[in-house]
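Below is one structure, written out as structure tokens; the observations come after it.
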Amino acid sequence: MYTFKRIFEYARCFFLVIIARIISVFVRPTRKYKDLWIVSERGTDARDNGYHFFKYLTTQHPEICCVYIISKNSPDRPKVAALGRVISYGSLEHYLSFLLAKVRVSSHIEGYSPDILFFNKFGKFVPSKAKNIFLQHGIIKDDIEFCHADRTNIDMFVCSATPEYDYIDKVYGYEKGILKLTGLCRYDNLRKNDTTTRKILFMPTWRASLRSCSQRTFCASEYFKKYNSLLNSSRLSELLKKYDYELVFYPHYEVQKFLGCFGTDNERVRIADFKNNDVQQLLIDSDILITDYSSVYFDYAYMRKPMVFYQYDEEAFRAQQYGKGYFDYKRDGFGKVVQNESEVIEELESILKNDLQPTAEYLQKMNSFFKFNDANNCERTYKAILNLL
């Protein structure tokens, strides 16, 4: 059922598409739009594979006519503008560039479009010869139905690991040649620190059941109670003091709107927000990761750093969010799976006592998982796009 607001937004999109189509007749041959590549993430940020690919294009291939799509008020806009041309998300120029682009690149499906919901639903009525490139937001491990071939319009789908590639090829229904094993662009900048940072990163993912709930409902949820309890644990406080560590809590983007619900008097626990923190930098600037099901643990494994999986609700998560894919945490995971707060703290101490070194078992899994472990992911992706063209 559509709300009045959504109907109005759809009507606005149709109007802007028509206006942009008329203007495109006159500006198509100009240098500004000829052979144009547009790059984006969600349209509001520049911290993921889209940003790193755009940075690669502007520094290594200045001959490519490319623009980055980002909202006018995004805190990330200045750093992208320092690299090259930017266009405001949802503007008429965005619609025009979207229609005239030769290549559209995004870390999120339809992230390069002026309105993701509109173009996902009505994009087939807006003909284009552009090649649509899905860089991915992370390594896929689950059965994510909205990424299946019958739900998307993708000409190139980036993968990073052989198990991931084989699973998507088998289950997602893409035609031969669309999947490309090139690696995530952001991994080019993912390097383990030479020295310890004395920081533990706690980064759980979101829950579909809480996505549109009220703050009151969120604060009554098991998700909030479990994770806020850990932040206020006296045993955690003692551990952090004993080893002189800080814990940084940074939940998923979808949970950031409820960040104010979390709180602690522990001076060694920092609650980090989206505006002032970059995910990749948080990953680099920490020694241990605590997560639940977030695919950021692949980034951590790429750096060969230790982690622990706090999964208090696996059965409910599978039933309500993503069906289980090829990755089994107990069989394939790069760290121990625990179900309660006490086990989390015990595993953290075990890792600290082991001088932050993954066990031989987990290290072997990390070494064997990735197809590549270098800084050439952007280059491979770029060459794959050229081959597609």
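The order of the peptides 260-266, 94-100, 281-287 by mean Cβ neighbours within 10 Å, most packed first, is 94-100, 281-287, 260-266.
The Cα center of the range 136-161 and the Cα center of the range 318-389 differ in position by 18 Å.
With the charge dipole of the chain set up from +1 on Lys and Arg Cβ and -1 on Asp and Glu Cβ about the Cα centre, the Cα lying farthest toward the positive end among the listed residues Gly333, Asn193, Val171 is that of Val171. Couplings 3J(HN,Hα) for the range 170-176, derived from phi with the Karplus relation 6.51 cos²θ - 1.76 cosθ + 1.60 (θ = phi - 60°), are 7, 9, 7, x, 7, 5, 4 Hz, where x marks Gly and Pro.
Residues whose amide H comes within less than 5 Å of that of Glu246, counting only those at least five positions distant or on another chain, are Lys199, Ile200 (H built at 1.01 Å from N in the peptide plane). Sorting the Cα pairs of the range 161-220 by distance into bins of 5 Å, from 0 upward, gives 3, 10, 12, 11, 12, 15, 15, 15, 7, 1 percent per bin. Here the range 146-301 is assigned +1 on the Cβ of each Lys and Arg and -1 on the Cβ of each Asp and Glu. Its dipole about the Cα centre then comes out at about 460 debye.
Expressed per residue, the C-alpha convex hull volume of the range 83-231 stands at 193 Å³.
If packing is taken as the average number of other Cβ atoms within 10 Å across a peptide's residues, how do 343-352, 41-50, 201-210 rank, most packed first? Let's see the in-between values first.
Working: 343-352: 18.0, 41-50: 24.3, 201-210: 20.0.
By packing density, highest mean first, the sequence is 41-50, 201-210, 343-352.
How large is the accessible surface per residue of the chain, computed with a 1.4 Å probe and reported in Å² as a whole number?
Working: 18080 Å² over 389 residues.
I get 46 Å² per residue for this part.
Let me test this: with uniform point scatterers at the alpha carbons of the range 146-256, what is the Debye-based log₁₀ I(q)/I(0) at q = 0.16 1/Å? Here the Debye-derived log intensity ratios amount to -0.98. With θ taken as phi - 60° and the Karplus curve 6.51 cos²θ - 1.76 cosθ + 1.60 applied, the whole-hertz 3J(HN,Hα) list for the range 120-131 is 5, 8, 10, x, 5, 8, 10, x, 7, 9, 5, 8 Hz, x standing for glycine and proline.
For the peptides 118-131, 74-87, the ranking by packing is 74-87, 118-131, with the highest mean count of neighbouring Cβ atoms within 10 Å listed first.
How large is the dipole of the range 34-160 about the Cα centre if only Lys and Arg carry +1 and Asp and Glu carry -1, each at its Cβ, rounded to the nearest 20 debye?
So the magnitude is around 360 debye.
Residues whose amide H lies under 5 Å from that of Val86, counting only those 5 or more places away or on a different chain, are Tyr68; hydrogens are built 1.01 Å from N in the peptide plane.
Rounded to the nearest whole angstrom, the semi-axes of the ellipsoid equivalent to the chain, taken from the Cα gyration tensor as √(5λ), stand at 38, 23, 20, largest first.
Seen through its C-alpha gyration tensor, with square-root eigenvalues sorted a ≥ b ≥ c, the range 215-292 comes out oblate because a/c lies at 1.5 or above while a/b is not bigger than b/c.
Secondary-structure-derived ellipticity at 222 nm for the chain, considering helices only, amounts to -11000 deg cm²/dmol, per-run term -39500 (n - 2.57) for DSSP H runs with n ≥ 4. Cα centroids of the range 239-304 and the range 57-113: 29 Å apart. Please compute, over every Cα-Cα pair in the range 290-389, the percentage with a separation greater than 19 angstrom. The share of Cα pairs beyond 19 Å in the range 290-389 comes to 52 percent. Shown for the chain: the carbon plus sulfur share of the solvent-accessible area, taken with all protein chains present and a 1.4 angstrom probe, equals 51%.
Report the relative contact order of the chain, percent, no decimals, based on alpha-carbon pairs under 8 angstrom and at least 6 residues apart. Walk me through the numbers before you get to the answer.
On the way: 645 pairs, mean separation 61.0, N = 389.
Computed value for the chain: 16 percent relative contact order.
So if I place +1 on the C-beta of Lys and Arg and -1 on the C-beta of Asp and Glu, and nothing else carries charge, what would the dipole magnitude of the chain be about its Cα centre? I want it in debye, nearest 20.
On the way: 55 positive and 48 negative charges, 331 e Å.
Dipole of the chain, to the nearest 20 debye: 1580 debye.
The values are calculated or read from the model by the stated rules, or taken from the named source; none is laboratory data. A quick note: this is a predicted structure, and the numbers were derived from the prediction, not measured. As a convention, Cβ positions derive from the backbone with ideal geometry for all residues, glycine included, and neighbour counts pool all protein chains shown. The protein model used for the area step is the full one, side chains on, heavy atoms only, and it has no ligands, DNA or RNA in it. Shrake-Rupley method; radii C 1.70, N 1.55, O 1.52, S 1.80 Å.
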